Amino acid sequence: MIRINGLTHRIGATPILHDIDLTLPRGKLIALIGPNGAGKSTLLRLVARLEPLQAGRIEIDGLDLATTGTERLALAMAVMGQQTHVASRLRVAELVGFGRWPHHHGRPRAADREAVEQALDAFGLTPLRHRFLDEISGGQAQRAHLAMTFAQGTDWLLLDEPLNNLDMAHSRTLMARLADLVGARGRSVLTVVHEVNYAAAWADHIIAMKDGRIVAEGAPETVLTEPVLSALYDTPIEVSRHDDRPLVLHHHWHDQLGSPFPKPSDDTLRVLH
Amino acid sequence: MNARPLAAGLALALLVLASLGTGAARIDLAAGGGWTTLVLMESRLPRTLAVLLTGAALAVAGTVIQSLVRNRFVGPDTAGTGESAALGLLGITLLAPAAPIWIKMVAASLAAMAGTALFLAIVRRLPVREVMLVPIAGLVLSGIIGSVVTWIAWEADLLQFVGTWLGSGEFSGVIAGRYELLWIAGAAAGLAWFAADRFAILSLGDGVAIGLGLSTRGVMRLGMVVVSVVSALVVTTVGMIPFVGLVVPNIVARIMGDNLRASIPVVAAGGAGLLLACDLLGRIVRHPYEIPVGTILGIAGSVIFLWLLYRPVSHG
């Protein structure tokens, strides 16, 4: 369980998070949603100890973030940040292998090698294992980073927009894998998701943030509603249902938004076509 | 696959033999004798060892600084480190001329560390995408510190003294008793190999490093110690040796990637081989006179570096 108490954060003079209290249950796929600048990534980065704590307290499975060494925390949670594009020329298997570093500090044992193989396999990377990271696509590199995070073998996985760089097929596969990690292996995942429908389809628990505050929290059915989402994104949003889950419709009520561009005349359209 | 390291080892061994047999004095390695032993033990062997140690240590220091700044276009000689070491040595020479050699080396290393820290602080403020700003910042910093050294040396009438550090490095002055400090540079490079995984992880970004439980500051500090000690000892013992720390890590990374635990020994051997080949060339071209190895490297290194620059960039 992750407990957050009185978490306030500012960058320079700009307040980013306002006195956040939050309890994240274990064994769930938790999605953080909200508009740009809501503070989702900052919250995740604070829990992941990638940013220094300014005020408040964060506890992960009983470990106080402020007083627990970073080595110990690496056995409790694995982190994937937004920037996974690096200039380093590592092979895929070598990168995934570094996921085991917190366990062996340079002397891998059989169990470590086994975990790396499993991670490569789980993310469909076995055929790419000998390829250099700078020779594969951005999406594949993203998957390699995710496999490293998975190989770390921690109860918690913290992911900052893991769907960046991924097309629809890979996004879907990734969300299904995360759901499987939680469902079949009992891991806990906290992930920032931009596209609400991926959260709608796969998450067990949703946290909606806006302007550095938690606006709504709970099961997808209770958070992904028309009033909550419309207020969250400041735009009219229609929600339907599909397969017993909410489905956000992007194209509906489009005319209510208005257009900043003048409508082209029929003559212009004829010329364009 | 196993043939490659064997061939490389053989080539290095041949270079070593050639180095032992090449010089102004005429000796007969096959026949031996007192004169031959004297030349070998007092001059040729120390010189060969000094070249090997310098080449290996500089190349490894290059790998380390490249992983610290996450940029391939820097070397220990283009980060202001050598000039800072010279400044430190000049300072201690002026303040305490009678200080024992180890105190002078400590002063040079500390100054080199301060210079490298300054370089790292500057680089961290540069936009990540602007790959070429990093080497430019290094060259500007080197130039500024170098000119301060020259100015102080001019004022103190020590210009000739300083010239041996900032000028083209060369090994013609190396005899037994005047190169042994380079073993410490070699040991520092060995330390880098010991911490190879940490440098490899750090070069993946602070986020990844912290996520894996690494103390980024600790690794940075260790890297700075390695780079500074190597630079300080090389600069004060044999002078500025350009390009080895820049091109060798690049070529090795091209071929075998950045898994530093595997590549650092190859980087070391490559640096030793390149420097020995250039030093040998400098001894042969106008035998029995010598061309400083720094000059040879200036030509060879800049050609290799231009090739590396114009070859299509695979990242970014």
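Quote the Stokes-Einstein diffusion coefficient, in whole µm² s⁻¹, for segment B:45-115, based on the Kirkwood radius over alpha carbon pairs, a temperature of 10 °C and a viscosity of 1.306 mPa s.
Reported coefficient: 119 µm²/s.
For a quick check of your reading of the filter: which trypsin sites (Lys or Arg not before Pro) in segment B:98-165 sit in a DSSP loop and have no more than 10 other Cβ atoms within 10 Å?
Listed in order of number, the matching sites are B:Arg125, B:Arg129.
With a length cut of 30 Å (Cα positions projected on each helix's long axis) and a Kyte-Doolittle mean of at least -0.5, go through chain B and give me the DSSP H helices that pass.
Passing helices, by number: B:45-69, B:101-124, B:133-155, B:216-238, B:260-284.
In straight Cα distance, which aspartates and glutamates are under 15 Å from A:Lys210, not counting same-chain residues fewer than 8 positions off?
Cα-Cα hits under 15 Å: A:Asp19, A:Asp21, A:Asp234.
Please identify every one of the chymotrypsin sites (Phe, Trp or Tyr not before Pro) in segment B:111-186 that sits in a loop by DSSP and has no more than 12 other beta carbons within 10 Å of its own beta carbon.
Taking segment B:111-186 and a limit of 12 other Cβ atoms within 10 Å, no loop chymotrypsin sites (Phe, Trp or Tyr not before Pro) are found.
For segment B:209-233, state which residues have at least 30 Å² less accessible area in the presence of all protein chains than in their chain by itself, taking the probe as 1.4 Å and leaving out ligands, DNA and RNA.
At a threshold of 30 Å² (probe 1.4 Å), the residues of segment B:209-233 that become less exposed are B:Ile210, B:Gly211, B:Leu212, B:Gly213.
List the trypsin sites (Lys or Arg not before Pro) within segment B:1-77 that DSSP assigns to loop and that have no more than 15 neighbouring Cβ atoms inside 10 Å.
Sparse-neighbourhood loop trypsin sites (Lys or Arg not before Pro): B:Arg26.
So what's the protein assembly as shown giving for Cα Rg divided by 2.2 N^0.38 Å, two decimals?
1.18
How big is segment A:105-156 on each of its three principal axes, counting only the C-alpha atoms and giving the largest first in Å?
The principal-axis extents, from largest down, are 29, 24, 19 Å.
When the accessible area of chain B is split by element with a 1.4 Å probe, what percent falls to carbon and sulfur?
71
For chain A, which whole-number percentage of the solvent-accessible area (1.4 Å probe, protein heavy atoms only) is attributable to carbon and sulfur atoms?
Answer for chain A is 51 percent, counting heavy atoms of protein chains only.
Could you do me a favour and compute the accessible area per residue for segment B:43-310, 1.4 Å probe, result in Å²?
39
Could you report chain A's accessible area per residue, 1.4 Å probe, as an integer in Å²?
Value for chain A: 47 Å² per residue.
For a Förster distance of 30 Å, can you work out the FRET efficiency between the beta-carbons of A:Gln54 and A:Arg3, rounded to the nearest 0.05?
Here the calculated transfer efficiency is 0.95.
In straight Cα distance, which aspartates and glutamates are under 18 Å from A:Lys28, not counting same-chain residues fewer than 8 positions off?
A:Glu59, A:Asp61, A:Asp155, A:Asp160, A:Glu161, A:Asp180, A:Asp204, A:Glu217, A:Glu221
Enter the mean projected area of the convex hull around the alpha-carbon atoms of chain B, in nm², rounded to one decimal.
17.5
Which value, in nm² and rounded to one decimal, describes the direction-averaged projected area of the C-alpha convex hull of chain A?
18.3
Could you work out the helix-only [θ] at 222 nm for chain B, with each DSSP H run of four or more residues adding -39,500 (n - 2.57) and the total divided by the number of residues, to the nearest 500 deg cm²/dmol?
After summing the helix terms and dividing by the residues of chain B, the value is -23500 deg cm²/dmol.
In Å², rounded to the nearest 100, what is the total accessible surface buried by chains B and A against each other with a 1.4 Å probe?
Buried: approximately 2200 Å² between A and B.
Return the calculated 222 nm mean residue ellipticity for chain A, to the nearest 500 deg cm²/dmol, obtained by summing -39500 (n - 2.57) across DSSP H runs with n ≥ 4 and dividing by the residue count.
Calculated mean residue ellipticity at 222 nm is -9500 deg cm²/dmol.
The values are calculated or read from the model by the stated rules, or taken from the named source; none is laboratory data. As the structure is a computational prediction, the values presented were derived from the model and not from experiment. A quick note on method: Cβ atoms are made from the backbone with ideal geometry, for glycine too, and the neighbour counts reach across all protein chains shown. Note: accessible area is taken over every heavy atom of the protein model, side chains too, but ligands, DNA and RNA are not part of it. Shrake-Rupley method; radii C 1.70, N 1.55, O 1.52, S 1.80 Å.
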